[in-house]
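**Q** A single structure is presented below for examination.
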């Protein structure tokens with residue numbers, strides 16, 4: 001049994017392979033080789049060798065990422081000036097874009113009074129406003145949302161394509177199935193990363209075949225592990241976040257990739273954004289790829305104050321809205337997935353650099369919550385860092401915080417990315433006051449380019465989770481709520497389905513093709529896998545408190561039904577169902593006793609997850 | 001001390017949505033180059049058995065001969081290379097499952113025959129008995145015949161080396177039983193079934209060591225003359241799949257079995 005921890009030296013180690021790392025490695029790889037194929041930059045850590053660049057990705061393949069992507073592709077096109085969308089499977093130029101306000105066809109949606117009044121008026125003026133199929137198409141798409149001329153992409157296919165391009169250079173190595181456990185921090189300097197231990201029990205104790213994770217030491221660690229990545233969390237905990245910044249705003253995006261029925265008339269390149277249904281706080285999207293395939297889904301935000309919020313059931317009701325269902329009925333589920341989105345935008349920006357490290361991508365606060373765009377922005381941060389790294393390498397300067405600030409951060413601050421992020425900074429504050437002020441605030445911010453916004457102070461997600469008794473007051477009695485919870489705990493299932501039934505939502509008429517059970521979505525669409533020999537990456541820090549928790553929102557919001565209640569009420573984690581969406585990180589109703597910014601569940605480094613390359 | 005040559009390539013991840021399309025040279029898989037791929041699980045068992053055997057006999061060497069799209073081979077090797085040490089010989093060609101076994105075998109045999117200094121008399125030729133994408137079950141036999149290796153075993157689950165150097169081989173036969181054969185010495189062809197070894201854990205150190213040889217091998221990969229349109233396919237189809245999922249607890253196995261039987265019978 002090997003017990004010594006192996007060590008390896010590299011020059012640059014990258015954590016995670018998504019759009020940001022794709023941009024970073026694409027730009028960097030182009031500078032590592034001379035036109036004749038010889039190395040352009042020598043490895044400082046291994047003199048005589050080309051620069052040693054390693055990228056470690058948690059998922060079992062580089063194409064297992066999730067995102068519904070419609071993007072202006074500004075930065076992508078700078079990297080690939082001759083980009084032909086036909087080269088990338090499932091890519092399509094945006095040809096039509098609509099914003100839809102969905103009315104509530106069944107009466108179960110919890111709409112505020114002002115929205116109900118508006119609904120009544122819209123229905124009354126339906127002929128004038130062009131209301132059809134219980135939906136009103138907005139007459140124009142605001143410029144800040146407009147993606148005309150942009151691209152619809154599949155994240156999985158896009159990262160496959162980028163990975164192929166990068167690896168074909170032979171200049172960098174991308175290792176899938178290689179989760180990074182943590183950064184190695186020595187004297188306030190990040191000195192590389194430690195890969196995850198293998199051959200351990202659920203709680204991380206060495207077992208048969210124990211293999212300590214390797215230490216990969218490098219002068220520069222590029223942290224691109226997304227919004228819920230373990231290394232990003234570790235750096236936030238160690239170095240803190242800049243004054244005034246926070247990670248309070250989140251959303252869970254859940255999507256289907258669907259074979260559209262023959263009868264569907266939506267053309268490739270069509271983009272639909274929806275607001276208003278199934279709950280006012282839930283936004284939806286539908287993007288049409290070539291060959292009669294669509295990506296569609298919803299976003300469930302952290303300011304949707306529902307203690308039994310669930311994305312999967314709401315997604316089904318959204319699909320069945322009359323406006324959408326006429327396009328989708330008869331379709332077939334191809335793929336399914338979900339991910340957390342860090343929606344604090346620029347105010348969620350961590351320390352971008354430090355001695356020995358730099359952060360890029362969504363985990364660096366690059367997502368723009370006004371334009372609803374993250375992939376191109378993440379890509380841009382990667383390119384900016386690569387330019388900085390090339391400059392420092394050519395100048396023979398070390399990767400200190402000062403040098404990285406002077407090159408990477410300076411580039412980022414001077415770019416369109418920063419300018420747009422500043423405009424968007426307060427765009428969603430109004431949602432802290434309610435969905436109507438939120439929508440008005442977003443529009444106000446967008447149309448005035450950030451000059452005005454409706455103020456609001458985002459709270460940590462746990463501070464917003466209401467008592468179920470309060471939420472269901474007038475609909476379900478406390479006694480019945482308690483009985484439902486007890487019954488669900490005994491059965492080991494989430495209560496959200498029963499509660500939605502009781503709140504008036506109709507049953508889903510499963511058809512085995514598109515309307516399938518949550519478990520079938522995991523198996524048919526997500527194809528979830530988990531390699532053996534790794535520790536559980538979701539850990540409940542205070543199980544006694546979990547037992548007493550009234551909402552169990554971690555159970556309700558778990559995208560893969562990987563967290564279920566036990567008979568005692570304690571949540572139980574099943575690693576083999578986890579899709580690594582990270583929803584449990586911010587769907588906890590209780591603050592950490594030592595840090596009110598955090599909750600009582602750990603979402604650590606782990607392995608496996610989705611095995612679909614189409615999300 | 002053995003020279004173990006494993007024939008094995010990638011297959012599209014069987015969990016993906018696979019759709020046959022008509023390509024310019026015959027059938028192909030839609031978006032084949034963008035489908036996540038993995039090492040053919042049958043070949044994987046052969047590779048892990050080979051590595052295990054080599055580890056027990058110092059001085060042995062494992063070669064992996066792979067025929068697949070070069071770009072995809074590189075991606076798959078980033079995972080496979082972490083598991084066991086081997087030297088790669090790459091052949092650039094399609095791996096979507098629509099190539100003829102005889103064409104594939106000819107290309108593999110030629111590549112093996114071209115290994116410098118190879119003593120065929122001392123070779124153990126390993127591969128998958130079957131394949132997750134090519135179900136003919138004939139490729140290894142054909143490779144062996146082309147190389148003149150007449151001792152052939154298919155559906156192998158176990159290989160034990162005797163004190164006299166003989167090979168004791170268990171081949172699957174009907175009824176869950178094994179046929180026991182003893183072969184005095186290499187050369188031999190072993191088409192592996194599942195073997196007895198678990199999939200090795202990813203070891204980044206092994207991966208780094210392997211990649212030093214894998215990258216040059218990929219750069220040297222020659223185009224293999226397979227799937228070039230010389231064979232006409234009348235039609236292709238994928239097996240029909242039906243799925244029904246139930247989450248059940250505390251149900252006796254007999255009842256579960258009865259329900260499964262009823263479901264299969266429709």
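The values are calculated or read from the model by the stated rules, or taken from the named source; none is laboratory data. None of the values given here were measured: they were computed from a predicted structure. Note that each Cβ is placed from the backbone with ideal geometry, even for glycine, and that neighbours are counted across all protein chains shown.
**Q** Of the conditions (1) within 14 Å of another protein chain (Cβ to nearest Cβ); (2) part of a loop (DSSP other than H, G, I, E, B), residue A:350 fails just one. Which one is it?
**A** If we test residue A:350 against (1) within 14 Å of another protein chain (Cβ to nearest Cβ); (2) part of a loop (DSSP other than H, G, I, E, B), just (1) comes out false.
**Q** Look through A:4, A:61 and report the one residue that is under 27 Å from residue A:526 (Cβ atoms) and either touching a residue at least 60 places away in the same chain (Cβ under 8 Å) or part of a loop (DSSP other than H, G, I, E, B) (or both).
**A** Details: A:4 fails: under 27 Å from residue A:526 (Cβ atoms).
Exactly one of A:4, A:61 is under 27 Å from residue A:526 (Cβ atoms) and either touching a residue at least 60 places away in the same chain (Cβ under 8 Å) or part of a loop (DSSP other than H, G, I, E, B) (or both), namely A:61.
**Q** Another question, then. Residue A:125 is checked against (1) in the same structural domain as residue A:283 (by TED's automatic domain parsing); (2) closer than 30 Å to residue A:376 by Cα and fails just one. What number does that condition carry?
**A** (2)
**Q** Right, here's the next one. Being more than 10 Å from chain B (Cβ to nearest Cβ) and over 30 Å from residue A:99 (Cα atoms) is the filter here; which residues of the stretch A:143-170 pass it?
**A** If the condition is that a residue be more than 10 Å from chain B (Cβ to nearest Cβ) and over 30 Å from residue A:99 (Cα atoms), then A:162, A:166, A:169 are the ones that fit.
**Q** Do we have any residue at all in the stretch A:555-576 that's in contact with a helix residue (DSSP H, G or I) (Cβ under 9 Å, 6 or more places away or on another chain), surrounded by 23 or more Cβ atoms within 10 Å (Cβ to Cβ), under 25 Å from residue A:260 (Cβ atoms) and within 14 Å of chain B (Cβ to nearest Cβ)?
**A** Scanning the stretch A:555-576 turns up no residue that is in contact with a helix residue (DSSP H, G or I) (Cβ under 9 Å, 6 or more places away or on another chain), surrounded by 23 or more Cβ atoms within 10 Å (Cβ to Cβ), under 25 Å from residue A:260 (Cβ atoms) and within 14 Å of chain B (Cβ to nearest Cβ).
**Q** Okay, moving on. What number of residues within the stretch B:195-215 satisfy the criterion of being within 19 Å of the chain's Cα centre (by Cα) and surrounded by fewer than 17 Cβ atoms within 10 Å (Cβ to Cβ)? Outline the logic, then answer.
**A** If we filter the stretch B:195-215 for residues that are within 19 Å of the chain's Cα centre (by Cα), which is where we start, we get B:195-202, B:210, B:214.
If we keep only those that are surrounded by fewer than 17 Cβ atoms within 10 Å (Cβ to Cβ) as well, we get B:196-199.
Here the count works out to 4.
**Q** Is there a residue being more than 30 Å from residue A:528 (Cβ to Cβ), surrounded by 21 or more Cβ atoms within 10 Å (Cβ to Cβ) and at pLDDT 90 or above anywhere in the stretch B:66-79?
**A** yes
**Q** Additional query: Out of (1) out of contact with any strand residue (DSSP E or B) (no Cβ under 6 Å at 6 or more places or on another chain); (2) surrounded by fewer than 20 Cβ atoms within 10 Å (Cβ to Cβ); (3) within 20 Å of residue B:64 (Cα to Cα), what's the single condition that is false for residue B:184?
**A** For residue B:184, the exception is condition (3).
**Q** Checking the conditions here, which among A:450, A:474, A:456 is in a loop (DSSP other than H, G, I, E, B) and out of contact with any helix residue (DSSP H, G or I) (no Cβ under 8 Å at 6 or more places or on another chain)? Don't jump to the end; show me each part of the working.
**A** Numbers: A:450 fails: out of contact with any helix residue (DSSP H, G or I) (no Cβ under 8 Å at 6 or more places or on another chain); A:456 fails: out of contact with any helix residue (DSSP H, G or I) (no Cβ under 8 Å at 6 or more places or on another chain).
One residue alone meets the criteria, A:474.
**Q** When only residues in the stretch A:23-42 that are within 14 Å of another protein chain (Cβ to nearest Cβ) and in a helix (DSSP H, G or I) count, which is nearest to residue A:67 (Cα to Cα)?
**A** Among those that are within 14 Å of another protein chain (Cβ to nearest Cβ) and in a helix (DSSP H, G or I), it is A:25.
**Q** Further question on the same structure: Given the condition free of Cβ contacts under 8 Å to residues at least 60 places away in the same chain and in the same structural domain as residue A:370 (by TED's automatic domain parsing), answer yes or no: does some residue in the stretch A:66-79 qualify?
**A** Checking the stretch A:66-79: at least one residue is free of Cβ contacts under 8 Å to residues at least 60 places away in the same chain and in the same structural domain as residue A:370 (by TED's automatic domain parsing).
**Q** Check A:192, A:213, A:181, A:199 and return the single one that is assigned to a strand (DSSP E or B), more than 21 Å from residue B:75 (Cβ to Cβ) and facing chain B (nearest Cβ under 10 Å). If you could, list the steps in order and put the result at the bottom.
**A** Numbers: A:192 fails: facing chain B (nearest Cβ under 10 Å); A:213 fails: assigned to a strand (DSSP E or B); A:181 fails: facing chain B (nearest Cβ under 10 Å).
The unique qualifying residue is A:199.
**Q** Here is a list: B:151, B:199. Which entry is over 30 Å from residue A:56 (Cβ atoms) and in contact (Cβ under 8 Å) with a residue 24 or more places away in the chain? Spell out the reasoning first.
**A** On the way: B:199 fails: over 30 Å from residue A:56 (Cβ atoms).
Sole residue among the options that is over 30 Å from residue A:56 (Cβ atoms) and in contact (Cβ under 8 Å) with a residue 24 or more places away in the chain: B:151.
**Q** Given the criteria modelled with pLDDT of 95 or more, more than 14 Å from chain B (Cβ to nearest Cβ) and surrounded by fewer than 22 Cβ atoms within 10 Å (Cβ to Cβ), does residue A:47 qualify? Working first, answer last.
**A** Details: modelled with pLDDT of 95 or more: no; more than 14 Å from chain B (Cβ to nearest Cβ): yes; surrounded by fewer than 22 Cβ atoms within 10 Å (Cβ to Cβ): yes.
No, not satisfied.
**Q** So, of the residues in the stretch B:129-170 that are surrounded by fewer than 13 Cβ atoms within 10 Å (Cβ to Cβ) and in contact with a strand residue (DSSP E or B) (Cβ under 8 Å, 6 or more places away or on another chain), which turns out to be nearest to residue B:56 (Cα to Cα)?
**A** From the stretch B:129-170, those surrounded by fewer than 13 Cβ atoms within 10 Å (Cβ to Cβ) are B:135, B:148, B:150, B:160, B:162-165; that's our starting set.
Within this subset, residues satisfying the condition of being in contact with a strand residue (DSSP E or B) (Cβ under 8 Å, 6 or more places away or on another chain) are B:160, B:162.
Details: B:160: 11, B:162: 13 Å.
Restricting to residues being surrounded by fewer than 13 Cβ atoms within 10 Å (Cβ to Cβ) and in contact with a strand residue (DSSP E or B) (Cβ under 8 Å, 6 or more places away or on another chain), the top hit is B:160.
**Q** Are any residues in the stretch B:1-10 at pLDDT below 90 and within 14 Å of chain A (Cβ to nearest Cβ), and if so, which ones?
**A** Start the filter on the stretch B:1-10 by keeping residues that are at pLDDT below 90, which leaves B:1.
Correct list: empty.
**Q** Filter the helices (runs of 4 or more DSSP H) completely within the stretch A:530-615 down to those with at least 3 residues that are farther than 18 Å from residue A:60 by Cβ and in contact with a strand residue (DSSP E or B) (Cβ under 7 Å, 6 or more places away or on another chain). Break it down into steps so the answer makes sense when it comes.
**A** Details: elements: A:543-548, A:553-557, A:583-586.
Of the helices (runs of 4 or more DSSP H) lying wholly inside the stretch A:530-615, those with at least 3 residues that are farther than 18 Å from residue A:60 by Cβ and in contact with a strand residue (DSSP E or B) (Cβ under 7 Å, 6 or more places away or on another chain) span A:553-557, A:583-586.
**Q** On to the next question. Failed condition for residue B:184, given (1) within 14 Å of chain A (Cβ to nearest Cβ); (2) in contact (Cβ under 8 Å) with a residue 12 or more places away in the chain; (3) out of contact with any helix residue (DSSP H, G or I) (no Cβ under 7 Å at 6 or more places or on another chain), with all others met?
**A** Against the list (1) within 14 Å of chain A (Cβ to nearest Cβ); (2) in contact (Cβ under 8 Å) with a residue 12 or more places away in the chain; (3) out of contact with any helix residue (DSSP H, G or I) (no Cβ under 7 Å at 6 or more places or on another chain), residue B:184 comes up short only on (1).
**Q** Quick one: which of B:108, B:47 is within 14 Å of the chain's Cα centre (by Cα), away from chain A (no Cβ under 14 Å), over 27 Å from residue A:160 (Cα atoms) and surrounded by 18 or more Cβ atoms within 10 Å (Cβ to Cβ)? Step through it out loud before you land on a result.
**A** Values: B:47 fails: over 27 Å from residue A:160 (Cα atoms).
Answer to the check: B:108.
**Q** Hey, another quick one. Against the conditions (1) modelled with pLDDT of 90 or more; (2) over 19 Å from the mean Cα position of the chain (by Cα), where does residue B:225 fall short? Just the number, please.
**A** With respect to (1) modelled with pLDDT of 90 or more; (2) over 19 Å from the mean Cα position of the chain (by Cα), residue B:225 is out only on (1).
**Q** Quick one: count up the residues across the stretch B:166-183 that are modelled with pLDDT under 95 and assigned to a loop (DSSP other than H, G, I, E, B).
**A** 2
**Q** Still on this model: Residues to consider are A:512, A:525, A:533; find the one that is out of contact with any helix residue (DSSP H, G or I) (no Cβ under 7 Å at 6 or more places or on another chain), at negative phi and within 12 Å of chain B (Cβ to nearest Cβ). Step through it out loud before you land on a result.
**A** Details: A:512 fails: at negative phi; A:533 fails: at negative phi.
Only one candidate qualifies: A:525.
**Q** Of all residues being under 30 Å from residue A:413 (Cα atoms) and part of a strand (DSSP E or B) in the stretch A:326-347, which is nearest to the other protein chains (Cβ to nearest Cβ)? Just the residue, please.
**A** Kept after step one, since they are under 30 Å from residue A:413 (Cα atoms), are these residues of the stretch A:326-347: A:339-347.
Restricting the remaining residues to those that are part of a strand (DSSP E or B) gives A:339-342.
Values: A:339: 18, A:340: 22, A:341: 24, A:342: 26 Å.
Among them, the one singled out is A:339.
**Q** Buried (at least 23 other Cβ atoms within 10 Å of the Cβ) and farther than 30 Å from residue A:26 by Cα, is that true of residue A:216?
**A** On the way: buried (at least 23 other Cβ atoms within 10 Å of the Cβ): yes; farther than 30 Å from residue A:26 by Cα: no.
No; evaluated as a whole, the condition is false for this residue.
**Q** May I ask you to verify whether residue A:497 is within 30 Å of residue A:331 (Cβ to Cβ), touching a residue at least 12 places away in the same chain (Cβ under 8 Å) and surrounded by fewer than 22 Cβ atoms within 10 Å (Cβ to Cβ)?
**A** Numbers: within 30 Å of residue A:331 (Cβ to Cβ): yes; touching a residue at least 12 places away in the same chain (Cβ under 8 Å): yes; surrounded by fewer than 22 Cβ atoms within 10 Å (Cβ to Cβ): yes.
Yes; evaluated as a whole, the condition is true for this residue.
**Q** Since residue A:184 meets every condition but one in (1) in contact with a helix residue (DSSP H, G or I) (Cβ under 7 Å, 6 or more places away or on another chain); (2) free of Cβ contacts under 8 Å to residues at least 60 places away in the same chain, which condition does it not meet?
**A** For residue A:184, the exception is condition (1).
**Q** For the subset of the stretch A:1-44 comprising residues that are touching a helix residue (DSSP H, G or I) at 6+ places or on another chain (Cβ under 8 Å) and either more than 23 Å from residue A:358 (Cβ to Cβ) or at pLDDT below 85 (or both), which member is surrounded by the fewest Cβ atoms within 10 Å (Cβ to Cβ)?
**A** Within the stretch A:1-44, the match that is surrounded by the fewest Cβ atoms within 10 Å (Cβ to Cβ) is A:39.
**Q** Restricting attention to the stretch A:59-103, and to residues there that are within 14 Å of another protein chain (Cβ to nearest Cβ) and more than 23 Å from the chain's Cα centre (by Cα), which single residue is farthest from residue A:21 (Cα to Cα)?
**A** Filtering the stretch A:59-103 for residues that are within 14 Å of another protein chain (Cβ to nearest Cβ) and more than 23 Å from the chain's Cα centre (by Cα), the one farthest from residue A:21 (Cα to Cα) comes out as A:86.
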